[in-house]
1. Filter the range 153-165 for residues that are in contact with a Ser or Thr (Cβ under 7 Å, 6 or more places away or on another chain) and outside any helix (DSSP H, G or I); which is most open to solvent (accessible area, probe 1.4 Å)?
2. Of all residues in the range 91-118, which are touching a Leu at 6+ places or on another chain (Cβ under 6 Å) and of a type in the set (D, E, K, R)?
3. Which residue is nearest to the chain's Cα centre (by Cα), if the candidates are limited to the range 84-137 and must be aromatic (Phe, Trp, Tyr) and within 23 Å of LEU254 (Cα to Cα)?
4. Report whether or not ARG324 is touching a Pro at 6+ places or on another chain (Cβ under 9 Å), modelled with pLDDT of 95 or more and open to solvent by 10 Å² or more (accessible area, probe 1.4 Å).
5. Confirm whether ARG192 is over 19 Å from LEU291 (Cα atoms), touching a residue at least 12 places away in the same chain (Cβ under 8 Å) and surrounded by fewer than 22 Cβ atoms within 10 Å (Cβ to Cβ).
6. Taking the range 1-33, which residues are open to solvent by 10 Å² or more (accessible area, probe 1.4 Å) and not in a loop (DSSP other than H, G, I, E, B)?
7. Looking at (1) in contact with a Ser or Thr (Cβ under 9 Å, 6 or more places away or on another chain); (2) modelled with pLDDT under 95; (3) open to solvent by less than 40 Å² (accessible area, probe 1.4 Å), which is the only condition LEU291 fails?
8. Which of (1) within 28 Å of SER263 (Cα to Cα); (2) open to solvent by 40 Å² or more (accessible area, probe 1.4 Å) does ARG235 not meet, given it meets every other one?
Amino acid sequence: MIVLGIESSCDETAAALVNDNKEILSSVVLTQSEHKNFGGVVPEIAARSHLEHIDEIIEETFKKANLKPSDIDAVAVAGGPGLIGGVTVGVMAGKALSLALNKPFIAINHLEGHALTARLNSDVQYPYLLLLTSGGHCQILIVNEVGNFKRLGTTIDDAAGEAFDKVAKMLGLGYPGGPIIEKMASLGDENRFVLPRPLYNSPDCNLSFSGLKTAVRKIIESYAEDGKLEHAILRKQDIADICACFQKAATDCLLHKLKKAISIFKKECPNGKHIVVAGGVAANIYLRSKLEELANSNNLIFAAPPIKFCTDNGVMIAWAGVERAQKGLFDELDFKPRPRWPLDETAPKAAGAGGVKA
């Protein structure tokens with residue numbers, strides 16, 4: 001079985017071909033550079049770029065795999081959550097291919113794509129504990145099966161990746177912020193500044209990063225004579241130390257709540273063996289190393305997608321499509337793109353329901 005995956009929910013236009021033997025036959029990703037001057041993604045610019053490039057990205061994907069469109073068995077598309085303009089572009093392209101080729105159509109929750117990706121490159125069995133952390137989302141979940149998620153905690157304000165981006169912007173480091181902060185943090189002293197760990201003492205598994213971001217802002221403002229952020233004068237070492245302290249604080253918050261989640265996971269899923277991290281922030285090597293230590297200390301196995309597949313890509317959509325197709329879980333062509341789509345609303349329909357029948 002070969003599935004085409006299409007991703008266009010934010011600022012990556014991507015497509016990939018993956019088969020049920022866990023082989024990535026091809027993957028093409030175009031990351032939009034138009035947003036760097038704005039310090040974040042501009043939805044209208046993103047949608048226009050998707051529209052301009054999606055056909056050539058899909059064409060290149062088939063060319064790299066030396067396959068024809070008729071060789072695929074299904075079309076999987078990120079149907080949300082995301083920027084509605086971009087999501088609509090991808091969904092319409094997928095529907096057109098599904099109809100023209102008479103192949104089943106599968107609408108994939110973008111978050112489920114991230115959630116299942118580690119199963120493509122690792123022997124991760126259901127159920128498993130998942131930290132899903134990106135620029136727009138931060139959740140701790142038990143993944144019981146395709147479309148079967150139990151959320152244990154979520155951010156009540158900013159996502160972790162969003163906080164990384166905003167801190168980088170305050171420091172004048174550019175966009176996206178995650179990779180830049182990680183690079184600078186490697187040169188810094190992570191104990192120089194005292195930063196808060198929001199919700200650290202709350203009994204639940206929820207997270208918060210807004211207060212941490214604000215605390216970083218106050219430190220930066222202290223380097224300006226008039227207390228204004230834009231007038232702060234920072235040495236390179238000051239910036240590196242702030243990045244290191246912020247990265248450590250954000251990671252501590254994630255690890256602390258994951259410890260609580262592990263206790264719940266072990267009680268509810270005694271046969272569960274894995275703790276998985278996915279999403280854009282999962283590319284952070286510092287976070288990965290700390291999560292692996294946490295997993296080992298709790299007799300769990302740590303797993304994560306390859307770094308190149310942590311950010312948005314077509315591979316994760318294609319693989320989620322494979323998993324759904326194997327269960328006969330297809331969608332009708334009247335599927336409507338969803339700007340919001342909670343993971344607990346991805347429960348499978350009856351096997352064989354929906355979709356264009358091949």
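The values are calculated or read from the model by the stated rules, or taken from the named source; none is laboratory data. All figures in this text were calculated on a predicted structure; none of them were measured in a lab. Don't worry about glycine lacking a Cβ; one is built from the backbone with ideal geometry, like all the others, and counts go over all protein chains shown. Calculation scope for accessible area: heavy atoms of the full protein, side chains included, ligands and nucleic acids excluded. Shrake-Rupley method; radii C 1.70, N 1.55, O 1.52, S 1.80 Å.
1. ILE156
2. Of everything in the range 91-118, just one residue is touching a Leu at 6+ places or on another chain (Cβ under 6 Å) and of a type in the set (D, E, K, R), namely LYS95.
3. Of all residues in the range 84-137, those aromatic (Phe, Trp, Tyr) come to 105, 126, 128.
With the extra rule that they be within 23 Å of LEU254 (Cα to Cα), the set shrinks to 126, 128.
On the way: TYR126: 19, TYR128: 17 Å.
So the residue we want is TYR128.
4. On the way: touching a Pro at 6+ places or on another chain (Cβ under 9 Å): yes; modelled with pLDDT of 95 or more: yes; open to solvent by 10 Å² or more (accessible area, probe 1.4 Å): yes.
The answer is yes for ARG324.
5. On the way: over 19 Å from LEU291 (Cα atoms): yes; touching a residue at least 12 places away in the same chain (Cβ under 8 Å): yes; surrounded by fewer than 22 Cβ atoms within 10 Å (Cβ to Cβ): yes.
So ARG192 passes the test.
6. Of everything in the range 1-33, those that are open to solvent by 10 Å² or more (accessible area, probe 1.4 Å) and not in a loop (DSSP other than H, G, I, E, B) turn out to be ILE2, GLU12, ASN19, ILE24, LEU25, SER27, VAL28, VAL29, LEU30, THR31.
7. Only one criterion in (1) in contact with a Ser or Thr (Cβ under 9 Å, 6 or more places away or on another chain); (2) modelled with pLDDT under 95; (3) open to solvent by less than 40 Å² (accessible area, probe 1.4 Å) is unmet by LEU291, namely (2).
8. Result: ARG235 fails condition (1) only.
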